[in-house]
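For reference, the structure is listed below as C-alpha cells.
The values are calculated or read from the model by the stated rules, or taken from the named source; none is laboratory data. This one's a predicted model, so the numbers in the text were calculated from it and none came from an experiment. Reconstructed Cβ throughout: ideal geometry from the backbone, glycine too, with neighbour counts over all protein chains shown.
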Amino acid sequence: MYQVLAGIFILIGIGFLLRTLRAFDTEAAFLFNRFVLYISFPCLVYRSLFHASPQASLWKIPPLGWAMVSAFFIISFYTARRFFKLGSRGAVSFAMVAAFGNTSFLGYPFVMALLGEGALPPAIFFDQMANFLSVFTVGIFFCVSVTENRFSWKQLFQILKFPPFIAFLLALTTRELGSLPRLLEETINRLAEVTVPLTMVAIGISLSLQNLRGHLKPLFGAALIKLFFLPLAMLGVSQFFSFSPLERGALVMESAMPTLMTSYVIASLYQLDAQFVSSGIVLTTLLALGSLPLWGLLF
C-alpha cells in the first residue's frame, strides 16, 4: 500500500519539476484536467461500474455513505465561511478537501491491505454509489451555485450533463449486455488507466509551496475533518445499522481516505481555489501515511 502512495508523490513531483523547469505551465494543467474530466475519468467510472457484481446486502451502503459525505461537505462549507472567513469559492474548495475521499485509487489497495480482499465489495459500493454520487450531485451543485451566484434550473441541467454522471448512467443501463466489443472495451480501459497519472502530474504542475504556507490553518482544518472527524462519525453512525464487522471496517477506512484527486480537476474547471485544493490533496495524502494504519488497528 505504501508503494501506491510513493507512486503518487513521484508523479506529483514530476509535475512540480516540469513546472520548475518551465517545460509546462498552469495552462497545461488546465488542459490535462479537461481531458481527464471529459474523457478518461468517465471511462474509469464506466469500467468500474460495468463489471461490478452487486449483492443485495451491499445496497444499504450507498444511502448512508452518500448522506454522510454530503453532510460533511455542507458542514465543512459553512465551517470555512464562519471560522476561516473564506469566500464562497474558497469555502467550496475547503469542503471538497474535507469531504471527498480518494476511495478508489487509494481506497481499494488500502482496504485490501488492512482488511483483506473480502472487504473490497463494500469499498467499491461506497466509492461508486456514495462518495462519487456526492461529488457529482452536492459537490457540482455547490460549484455551479457559487460560480453563478444564484440557483437556476440551468444548474440542474449542468449536473445532469456532467460527463462522469453520464458515464455512471450508461454503465447502469448497459450492464445487462454482459460484455462489450473487444475493441471498445480495450479503448475504454486504456483511457481509464491514464486518469490517475494525468491528474497527479497536473497537481504537481499547479502546486504552489507559497500557497501551502499561506493557508496552513484552513488546510490543516480541512485535513482534520477529512482524516479524523468524518471516519469517526462513520464509525459511530454505522453502529446503528446491521453491517457486518467487515462492511463496517470498509466504510470507516473509505471515509478516512485522503482527498479525492479529481477534486482538483473540478475546482480548476469551475474556477475555484484550485491551488488550495491541490495543496490539500498533498497534505492529506502525506498525513494519511500515519492515520490510515491507526484506523486499521480498530478492525
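Just a few scattered comments:
- Each residue in the range 71-87 was checked for being farther than 16 Å from Leu272 by Cβ and either surrounded by 21 or more Cβ atoms within 10 Å (Cβ to Cβ) or in contact with an Asp or Glu (Cβ under 9 Å, 6 or more places away or on another chain) (or both), and 1 pass.
- Hits in the range 237-287 - residues which are of a type in the set (S, T, N, Q), under 25 Å from Met112 (Cα atoms) and in contact with a Phe, Trp or Tyr (Cβ under 9 Å, 6 or more places away or on another chain): Ser255, Thr259, Thr262, Ser263, Thr285
- Check on Val252, of a type in the set (A, V, I, L, M, F, W, C) and modelled with pLDDT of 90 or more: yes
- Near pairs, Cβ below 9 angstrom, 6+ apart or cross-chain, from the range 26-38 (farther than 16 Å from Pro164 by Cα and touching a residue at least 24 places away in the same chain (Cβ under 8 Å)) to any residue that is surrounded by 17 or more Cβ atoms within 10 Å (Cβ to Cβ) and of a type in the set (D, E, K, R): Thr26/Arg19; Ala28/Arg19; Ala29/Arg19
- Looking across the range 260-299, the residues that are touching a strand residue (DSSP E or B) at 6+ places or on another chain (Cβ under 8 Å) and either over 14 Å from Phe110 (Cα atoms) or crowded, with 24+ Cβ neighbours inside 10 Å (or both) come down to Leu260, Val277, Gly280, Ile281, Thr284.
- Residue check for Leu207: hydrophobic (A, V, I, L, M, F, W, C) and at pLDDT 90 or above: no
- Subset of the range 255-280 [among the hydrophobic types (A, V, I, L, M, F, W, C), in contact with a Leu (Cβ under 8 Å, 6 or more places away or on another chain) and at pLDDT 90 or above]: Ala256, Met257, Phe276
- Residue in the range 91-104 that is closer than 21 Å to Ser291 by Cβ and touching a strand residue (DSSP E or B) at 6+ places or on another chain (Cβ under 6 Å) present: yes
- In the range 217-261, residue nearest to Phe32 (Cα to Cα) [restricted to those that are of a type in the set (Val, Ile, Thr), in contact with a helix residue (DSSP H, G or I) (Cβ under 6 Å, 6 or more places away or on another chain) and in a helix (DSSP H, G or I)]: Ile225
- Residue check for Ser57: surrounded by 13 or more Cβ atoms within 10 Å (Cβ to Cβ), over 24 Å from Thr199 (Cα atoms), at pLDDT below 90 and of a type in the set (Ser, Thr, Tyr): yes
- Every test in (1) at pLDDT 85 or above; (2) within 18 Å of the chain's Cα centre (by Cα); (3) not β-branched (Val, Ile, Thr) is passed by Phe83 save one, and that test is (2).
- On inspection, Arg22 passes the criterion of being at positive phi and modelled with pLDDT of 80 or more.
- Contact map, the range 125-141: first residue under 16 Å from Leu44 (Cα atoms) and β-branched (Val, Ile, Thr), second residue at pLDDT below 90 and part of a helix (DSSP H, G or I), Cβ cut-off under 9 Å, separation 6 or more or different chains; pairs are Val135/Pro164; Val135/Thr262; Val135/Ile266.
- In the set (1) farther than 21 Å from Pro121 by Cβ; (2) buried (at least 23 other Cβ atoms within 10 Å of the Cβ); (3) of a type outside the set (Phe, Trp, Tyr), the condition left unmet by Met257 is number (1).
- Scanning the range 94-133 for residues that are over 11 Å from Glu254 (Cα atoms) and surrounded by 24 or more Cβ atoms within 10 Å (Cβ to Cβ) yields Phe94, Ala95, Met96, Val97, Ala98, Ala99, Phe132.
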